[in-house]
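Please read the structure below before turning to the comments.
The values are calculated or read from the model by the stated rules, or taken from the named source; none is laboratory data. Because the structure is a prediction, the values reported are computed rather than measured. Every residue, glycine among them, receives a Cβ derived from its backbone with ideal geometry; neighbour counts consider all protein chains shown.
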């Protein structure tokens, strides 16, 4: 089961996806707060299931992925970031929002650099102040 910190980050990613005009259609986890809807689990994208998937009225896809400090350098995260950053739907790369604690932002940037995807225009990092993340 995912940690409370991971779940909290998913909730903030969910909110950001909605702010961008996407409708959240799939969530892997339990979102606390205003988003008490029941969602279906996302399907795997290449090798892994994303935390959140949203769709806009033009059919564009937004993928949300929450990462805690301990997640950043594991093999699964590397695979997810590569798969999700390169995934195309209807011929267009999907927007990928990666949520991390502020204290892990440099680690995530270093990983994106290591993977050669640091300059992808479809990747957005959502940093969350460590003080508000529930442990």
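Against the condition surrounded by 13 or more Cβ atoms within 10 Å (Cβ to Cβ) and either over 19 Å from residue 112 (Cα atoms) or modelled with pLDDT of 95 or more (or both), how does residue 54 come out, does it pass?
The answer is yes for residue 54.
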query = What pairs come up if the first residue lies in the range 1-15 and is more than 17 Å from residue 42 (Cβ to Cβ), the second is assigned to a loop (DSSP other than H, G, I, E, B) and modelled with pLDDT of 85 or more, and their beta carbons are under 7 Å apart, counting only those six or more places apart or on different chains?
reply = 3/68; 5/68
note = Across the range 43-58, the tally of residues that are part of a loop (DSSP other than H, G, I, E, B) and under 12 Å from residue 94 (Cβ atoms) stands at 3
ask   = Counting just the residues of the range 94-113 that are surrounded by fewer than 18 Cβ atoms within 10 Å (Cβ to Cβ) and touching a helix residue (DSSP H, G or I) at 6+ places or on another chain (Cβ under 8 Å), which one comes out farthest from residue 61 (Cα to Cα)?
value = 103
task = Mind listing just one residue for me: the one in the range 61-91 that is farther than 18 Å from residue 104 by Cβ and in a loop (DSSP other than H, G, I, E, B) and, of those, nearest to the chain's Cα centre (by Cα)?
result = 87
